[in-house]
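Single-structure report; data block below.
The values are calculated or read from the model by the stated rules, or taken from the named source; none is laboratory data. Please read all numbers here as calculations on a predicted model, not as lab measurements. In this analysis, Cβ positions are derived from the backbone assuming ideal geometry, glycine residues included, and neighbour counts consider all displayed protein chains. Note: areas computed on protein heavy atoms with side chains; ligands, DNA, RNA excluded. Shrake-Rupley method; radii C 1.70, N 1.55, O 1.52, S 1.80 Å.
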Amino acid sequence: MEKIEVQNIVASSSFKIALDLTVIHQELEDTKYEPEKFPGIVFRLNKPKCTMLIFRNGKIVCTGAKNVEEVHKAVRILINAIAKLDFSIERHPEIIIQNIVATYNLGFKLNLTRTVLELGLEQVEYEPEVFPGLIYRMKEPKVVMLLFSTGKVVITGGKSVKEVKQAGKKLHGLLVKSGSTSG
């Protein structure tokens, strides 16, 4: 099994106050605010390369981070930028990881038809005429995986990197044990 690579972390938080998005948009660079199209500000950061969504009710969403440290750094940058605008925001808000998307390569090709039977019909969706991958809903840890015949896997729904790695390791073990490889 090759190394699992985190592609995206989505996290949320709240400043616990109402925000004047017009003021924030006018004062912060690299923001986009089109309330007729989207109800929040889109604030793009370069380091770390993340996008922050800022909403009127004080809630924020961070997306694009590759690790949890980047999430915390992006939130800290946003806190400092908004605090300079004289908003009395929560300086140390709770940050909740909502979703981690990761990819990896099993290191072997899969026979997806056989894999459906091995993983259990109640946890699998496989309609090759609609989508070329198999969708596997792992119960513990609770994640969703997209498996492709090439051996590539996308894991989504994890709440921690540890959970995502556990899921990948568990899947790898199940597939090797069951003989779902197509070799």
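The table that follows gives values for the structure above.
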item: Pairs, first closer than 14 Å to LYS165 by Cβ and acidic (Asp, Glu) in the stretch 1-16, second at pLDDT below 95 and open to solvent by 20 Å² or more (accessible area, probe 1.4 Å), C-beta under 7 Å, six or more apart; result: GLU2/ASN105; GLU2/GLY107
item: The listed residue being surrounded by 16 or more Cβ atoms within 10 Å (Cβ to Cβ) and either within 30 Å of LYS16 (Cα to Cα) or under 22 Å from the mean Cα position of the chain (by Cα) (or both), out of LEU175, LEU85, LEU147, LEU110; result: LEU147
item: Residues of the stretch 88-107 satisfying the condition of being over 27 Å from GLN166 (Cβ atoms) and buried (at least 17 other Cβ atoms within 10 Å of the Cβ); result: ILE89, PRO93
item: All positions within the stretch 108-125 that are more than 25 Å from LYS159 (Cα to Cα) and either of a type in the set (Gly, Ala, Ser) or touching a strand residue (DSSP E or B) at 6+ places or on another chain (Cβ under 8 Å) (or both); result: PHE108, LYS109, LEU110, ASN111, LEU112, THR115, VAL116
item: Any hit, the stretch 27-39, residues being in a strand (DSSP E or B) and farther than 30 Å from VAL164 by Cβ; result: yes
item: Pairs with Cβ under 6 Å, 6+ apart, first in the stretch 23-40 and over 11 Å from ARG56 (Cβ atoms), second among the aromatic types (Phe, Trp, Tyr); result: HIS25/TYR33; THR31/PHE43
